[in-house]
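Nothing in this text is a laboratory measurement; each read-out follows from the coordinates by a stated rule. None of these values were measured; they are calculated from a predicted model. Heads up, the Cβs are rebuilt from the backbone with ideal geometry, glycines too, and the neighbour counts pull from every protein chain shown.
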Amino acid sequence: MRLSFAALGGAVALAVLAVLSVGWGATAISPADVYAAFARSIGLDLGAATPIDRIIIDLRAPRVVLAVLVGAGLGVVGSLLQTVTRNDLADPFLFGLSSGAAAGAVFVITVTGDQLGVWTLPVAAFCGGMLAAIVVLALVHRMGFQGPEKLVLTGLAVSFLFTALTNYLIFAGDQRAAHSVLFWTLGGLGLARWDNLPLVAFGFIVLMAFAGLRHRHLDALLGGESTAASLGVAVSRFRLQVFMVSAFATAIFVSVTGVIGFVGLMVPHMARAVTGPLHLGTLTLSAFFGALLLLASDLVARILLAPQELPIGIVTASMGACFVFVMLLRRRIL
């Protein structure tokens, strides 16, 4: 019952925030104009299209959908990784995924150029993120898997390596590309288009399908590895499966949005505070809360310095830092 009420409240809040996100920005649009634009787009209103329609349908609506998919996905990935690593500070960008994706994008920006047209940057970012994941898994396999702490430490080392490569490319490459580089390192939803949303939706569906099918395995891990093994969970194999699915989904998200940190760190804690530790409720609310958090962050990023757009990673990093401070203070008091 508690989960049902929380999910219903999250859905209502998400709908309200989506409407506000479409209407607010550098150009304020009334709810009536928003409704009229959508009515014209689906044929309910036969009136002539206006310039406002393009802002709503072609720019802001896909941006809202992208924020919902990526925010929900990052929240779920964070919940998965915090469980399998037994690390409350684990998030999708702890394992070199973001730095690998950023390195791929920056390599294209500063060295090769747009060889594949508009898909060049997303493809390069996705390949960079997956390369980082493969390097982490190869190192862990070479060492012999010795627990989640090895995965965390290896991920951090790979993250530092790809960050160093990115910084080298920035200084050695075309300095005029600094603005594009900034987007990939701080994140944003400015690349949202209807034609790249199916890619993001595919990554989100794969992630949610895996989480839904394996939520009982995640619950078993809450009792420890020995308990999970006694319940029939192949712990090491399952942990690697979680990491690969998380890497795949995160690489897709980063390939369109750039690096947006701390969403996957904060959201699972919020979800567990409402539903408890079991993963059916935690994963559901992590998706809702992640979508809400990223939508709200994008709204702040668009209106704080309007008409200039603030990189969304600055907003989420600011909230994430405050969240970690609160966590540390609460634990110190307790």
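Rounded to the nearest Hz, the phi-derived 3J(HN,Hα) couplings of segment 221-238 under the Karplus curve 6.51 cos²θ - 1.76 cosθ + 1.60 (θ = phi - 60°) are 5, 5, x, x, 5, 5, 5, 4, 5, 5, 8, x, 8, 7, 4, 4, 5, 5, where x marks glycine and proline. When the Gaussian network model of the chain links Cα atoms closer than 10 Å, the mean-square fluctuations of PRO198, PRO277, PRO62 top out at PRO198.
Just from its helices, what would the mean residue ellipticity at 222 nm be for the chain, if runs of 4 or more DSSP H residues each count -39500 (n - 2.57) and the sum is divided by every residue, rounded to the nearest 500 deg cm²/dmol? When only DSSP H runs of four or more count, the value is -24000 deg cm²/dmol.
Volume of the convex hull of the chain (Cα atoms only), normalised per residue: 154 Å³.
Across segment 27-37, coupling constants 3J(HN,Hα) worked out from phi with the 6.51/-1.76/1.60 Karplus curve, θ = phi - 60°, read 10, 6, 10, 6, x, 5, 5, 4, 4, 5, 5 Hz, and Gly and Pro carry x.
Between ARG216, ARG60, ARG40, the residue with the greatest mean-square fluctuation in the GNM of the chain (Cα pairs under 10 Å linked by springs) is ARG40. Derived scalar couplings between HN and Hα for segment 67-83 equal 4, 5, 5, 6, x, 5, x, 5, x, 5, 4, x, 5, 4, 5, 5, 6 Hz in order, rounded to whole Hz, by the Karplus curve 6.51 cos²θ - 1.76 cosθ + 1.60 (θ = phi - 60°), x for Gly and Pro. Could you state the number of Å between the C-alpha centres of segment 233-278 and segment 197-216? Measuring centre to centre over Cα atoms gives 11 Å. The GNM of the chain, with springs linking C-alpha atoms under 10 angstrom apart, assigns the highest mean-square fluctuation among VAL300, VAL12, VAL181 to VAL12. Suppose a student asked you for the relative contact order of segment 68-333, using Cα pairs under 8 Å spaced at least 6 residues apart; what percent would you report? Taking the mean separation of contacting Cα pairs over the length of segment 68-333, I get 33 percent.
Helix 279-303 and the longest principal axis of the C-alpha atoms of the chain enclose an angle of approximately 40°.
Rounded to the nearest 10 degrees, the angle from helix 97-107 to the longest Cα principal axis of the chain is 50 degrees. For the chain, the longest principal axis of the Cα atoms and the long axis of helix 120-143 meet at an angle of about 10 degrees.
The residues neighbouring HIS279, those whose beta-carbon lies less than 9 Å from its own, together hold a net charge of +1 under the Lys/Arg +1, Asp/Glu -1 convention.
Rounded, prolate or oblate, given the Cα gyration tensor of segment 246-334, with a/c below 1.5 counting as rounded? Oblate, since a/c reaches 1.5 and b/c is not below a/b.
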